[in-house]
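Below: the structure, in structure tokens.
The values are calculated or read from the model by the stated rules, or taken from the named source; none is laboratory data. Everything numeric in this text was worked out from a predicted model, so none of it was measured. Backbone-built Cβ (ideal geometry, glycine too); neighbour counts: all protein chains shown. Please note that ligands, DNA and RNA were not included when accessible areas were found on the heavy atoms of the full protein model with its side chains. Shrake-Rupley method; radii C 1.70, N 1.55, O 1.52, S 1.80 Å.
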Amino acid sequence: MTDRSRRGASAIALIVYVAAFVVGTIVMSFEMLGSRYLNPYFGSGIYTWASLISTVLAALCVGYFLGGWLADRAPSLTMLGLTVIIGSIYILLVPVFAEPMLEMLLAGIDDVRTGSLVASMAILFFPVTFLGMYSPFGIRLLLRDPKHSGRVSGTVYGINTFGSIVGTLGTTFFLIPMMGSRAITITAGLAGIASGLALMAGQRLMRAVPAALLAGALATGSAALSPGTASAEDLVDMSVREKLLTRKDGQIDHIETTYNDIFITKDRSELHMAFQLKGWDYTQSTINLKDADDLPIAVARQMTMAVAYPAELNRILMIGLGGGTISTYLGRHIPDVTIDTVEIDPGVITAAKKYFGIRESERIRYLDGDGRVFLNRNKRPFDLILCDAFHGGYIPFHLLTREFFRLVKRNLTPDGAVAVNIHDGTKLYVSTIMTMRAEFPSVHLYPTGEGEVIAIGTLKPRERDWVVARAAALQEKYKFRFPLPDLVAKPLDKLDTAQGVILTDDFAPADLYNALRSSQRKKK
């Protein structure tokens with residue numbers, strides 16, 4: 001082999017290896033972005049992630065077969081570059097058609113599992129299949145001697161996988177907090193097209209342009225990606241609680257569900273439900289086993305004062321169940337109200353019924369599902385929507401965005417209100433309030449004194465005097481255990497939102513903006 005031939009072969013190898021890195025980066029970056037597209041429509045649960053992962057694996061499987069087949073019939077850099085460009089153009093177009101397509105799928109498919117899988121296939125399968133053709137095709141182009149097949153295959157797959165690691169971490173740790181999902185998607189598509197064009201031009205350019213320049217062009221593309229009337233007593237089965245009073249203090253049960261590690265523990269007359277995530281305990285609910293109307297946790301008591309904001313109280317929706325304390329408390333005190341509680345984890349509903357003794361009735365229902373998906377499909381408006389859904393220490397991003405609050409507005413009666421439980425003292429807290437203020441003409445804040453703030457947004461402006469008078473009237477009528485006038489007495493007058501940003505489905509780095517709180521304790 002002449003020196004010129006060796007230089008040509010080295011140039012081709014360098015181009016193929018660098019492009020392998022770029023393609024690997026794009027594939028996993030796009031998979032991470034897939035969750036941002038699907039979550040607002042099908043939730044952020046295990047079904048969505050299972051659909052995304054399965055779709056990518058299926059696409060790679062098909063791509064490997066097709067790539068090997070095509071490489072044996074048309075082994076050229078031009079053909080390899082064309083496959084990369086086709087997949088990348090599709091990615092580039094995703095921001096254009098994703099929203100109407102997902103809305104159509106949501107309207108046409110009732111089952112969340114089927115819907116999330118079909119949506120994943122529609123967004124991810126085609127481009128990832130073409131990008132998945134890269135590795136076997138690249139190996140075919142590089143392989144000159146069967147003796148070196150192991151080294152060549154290992155190098156191509158190793159570099160491609162390293163790119164996937166960079167795409168996963170770079171997208172989730174850096175790009176999503178800095179850029180919107182659509183901007184990252186477009187950047188990925190452009191990087192892929194640039195890589196494909198470089199591959200197609202490789203054989204011609206390497207005669208006149210040093211291989212290092214081609215590799216530099218590819219590296220530039222990859223750099224963009226990588227930085228009825230039930231009585232009050234019927235809603236609680238006191239026999240369940242009486243039996244638990246006889247149990248010893250300590251852990252009663254540990255329940256592993258699809259979504260959570262649930263711990264039920266007893267401390268004298270109090271029963272606690274906590275979720276454990278990444279070694280941290282997050283208390284969801286606490287009840288007094290001796291007193292069905294007691295609310296031992298301050299945030300639960302403060303949440304109930306939201307009933308003072310709607311002009312009427314006929315229908316209430318609660319997103320997030322925990323132990324069912326708030327729904328049960330309101331249902332017992334307001335006998336003519338209907339309450340639907342939506343909880344994404346069926347295991348939480350089961351645990352709350354088994355250990356907290358909550359009961360359903362014709363007007364008090366506990367439904368499993370994602371809160372946003374429920375609102376997308378709901379047909380009848382609510383007077384009050386309570387949002388107390390947490391994953392660990394913060395609310396899932398798709399329940400914090402401007403699009404979510406617009407959806408909430410569409411599901412409220414004209415005089416309705418929404419109340420959101422938010423952990424204070426973080427950028428996520430300030431950004432959530434800023435986002436609510438962008439959609440609701442009136443947003444009032446009530447700190448619990450224990451690290452949370454209840455933010456209440458209304459479709460019509462609510463003056464303090466009106467709220468105070470309404471609280472007094474409701475207290476007189478329903479005799480709440482924790483008086484509403486006391487709960488609405490101390491709002492937070494001012495909040496500086498200068499450090500916040502408006503959260504959208506496209507840009508909502510909730511996990512980054514949230515800070516772990518001192519009230520959380522590490523599991524030993």
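If you go through segment 244-301 one residue at a time, how many are under 30 Å from Ala489 (Cα atoms), in contact with a helix residue (DSSP H, G or I) (Cβ under 6 Å, 6 or more places away or on another chain) and among the polar types (S, T, N, Q)?
So the answer is 1.
Restricted to segment 358-368, and to residues that are within 23 Å of the chain's Cα centre (by Cα) and closer than 23 Å to Gly416 by Cα, which residue is surrounded by the most Cβ atoms within 10 Å (Cβ to Cβ)?
Ranking the qualifying residues of segment 358-368, first place goes to Tyr366.
Looking at Gln284 and the list (1) under 23 Å from Ile385 (Cβ atoms); (2) open to solvent by less than 20 Å² (accessible area, probe 1.4 Å); (3) touching a Phe, Trp or Tyr at 6+ places or on another chain (Cβ under 8 Å); (4) not hydroxyl-bearing (Ser, Thr, Tyr), which single condition is not satisfied?
Result: Gln284 fails condition (2) only.
For segment 35-51, check the following and say yes or no: at least one residue is closer than 29 Å to Asn378 by Cα, of a type in the set (Gly, Ala, Ser), over 13 Å from the mean Cα position of the chain (by Cα) and surrounded by fewer than 17 Cβ atoms within 10 Å (Cβ to Cβ).
yes
Find the residue count for segment 82-113, including only residues that are open to solvent by less than 20 Å² (accessible area, probe 1.4 Å) and either of a type in the set (Ser, Thr, Tyr) or touching an Asp or Glu at 6+ places or on another chain (Cβ under 7 Å) (or both).
2
Please pick out the residue among Leu199, Leu205 that is buried (at least 17 other Cβ atoms within 10 Å of the Cβ) and modelled with pLDDT under 80.
Within the list Leu199, Leu205, the selection yields Leu205.
Which numbered condition trips up Lys379, out of (1) part of a helix (DSSP H, G or I); (2) open to solvent by 50 Å² or more (accessible area, probe 1.4 Å)?
(1)
What are the residues in segment 63-86 that are under 24 Å from Ala188 (Cα atoms) and outside any helix (DSSP H, G or I), if any?
Selection gives Ser76 alone.
Does segment 174-185 include one or more residues that are under 15 Å from Val23 (Cβ atoms) and open to solvent by 10 Å² or more (accessible area, probe 1.4 Å)?
Checking segment 174-185: not a single residue is under 15 Å from Val23 (Cβ atoms) and open to solvent by 10 Å² or more (accessible area, probe 1.4 Å).
Taking Leu459 as meeting all but one of (1) in contact with a strand residue (DSSP E or B) (Cβ under 7 Å, 6 or more places away or on another chain); (2) farther than 22 Å from Pro414 by Cβ, write down the number of the exception.
Going through the list (1) in contact with a strand residue (DSSP E or B) (Cβ under 7 Å, 6 or more places away or on another chain); (2) farther than 22 Å from Pro414 by Cβ, Leu459 breaks only (2).
Select from segment 398-419 the residues that are open to solvent by less than 20 Å² (accessible area, probe 1.4 Å) and farther than 17 Å from Thr497 by Cα and list them in ascending order.
Scanning segment 398-419 gives His398, Leu399, Phe404, Phe405, Leu407, Val408, Asn411, Leu412, Gly416, Ala417, Val418, Ala419.
Please specify each residue of segment 289-312 satisfying the condition of being surrounded by fewer than 20 Cβ atoms within 10 Å (Cβ to Cβ) and over 30 Å from the mean Cα position of the chain (by Cα).
Passing the criteria: Lys290, Asp291, Asp293, Asp294, Ala311, Glu312.
Within segment 391-405, identify whether any single residue is of a type in the set (Lys, Arg) and under 14 Å from Gly457 (Cα atoms), and answer yes or no.
Scanning segment 391-405, I find at least one residue that is of a type in the set (Lys, Arg) and under 14 Å from Gly457 (Cα atoms), so the answer is yes.
Condition check ((1) among the aliphatic types (A, V, I, L, M); (2) more than 23 Å from Ile349 (Cα to Cα); (3) touching a Pro at 6+ places or on another chain (Cβ under 8 Å)) across all residues:
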{"residue": "Leu399", "(1), (2), (3)": "yes, no, no"}
{"residue": "Leu412", "(1), (2), (3)": "yes, yes, yes"}
{"residue": "Gly416", "(1), (2), (3)": "no, yes, yes"}
{"residue": "Ala419", "(1), (2), (3)": "yes, no, no"}
{"residue": "Gly425", "(1), (2), (3)": "no, yes, no"}
{"residue": "Thr432", "(1), (2), (3)": "no, yes, no"}
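I want to confirm something. Restricting to segment 114-135 and keeping residues that are under 27 Å from Phe65 (Cβ atoms) and under 17 Å from the mean Cα position of the chain (by Cα), which single residue is surrounded by the fewest Cβ atoms within 10 Å (Cβ to Cβ)?
Leu117
Looking at this structure, is Ala223 farther than 30 Å from Met178 by Cα, surrounded by 13 or more Cβ atoms within 10 Å (Cβ to Cβ) and modelled with pLDDT under 55?
Spelling it out, it is not the case that Ala223 is farther than 30 Å from Met178 by Cα, surrounded by 13 or more Cβ atoms within 10 Å (Cβ to Cβ) and modelled with pLDDT under 55.
Identify all residues within segment 152-177 that are touching a Ser or Thr at 6+ places or on another chain (Cβ under 6 Å) and of a type in the set (Phe, Trp, Tyr); write none if there are none.
Tyr157
Given the conditions (1) surrounded by fewer than 23 Cβ atoms within 10 Å (Cβ to Cβ); (2) closer than 26 Å to Val342 by Cα; (3) modelled with pLDDT of 85 or more, which single one is not true for Ser54?
(2)
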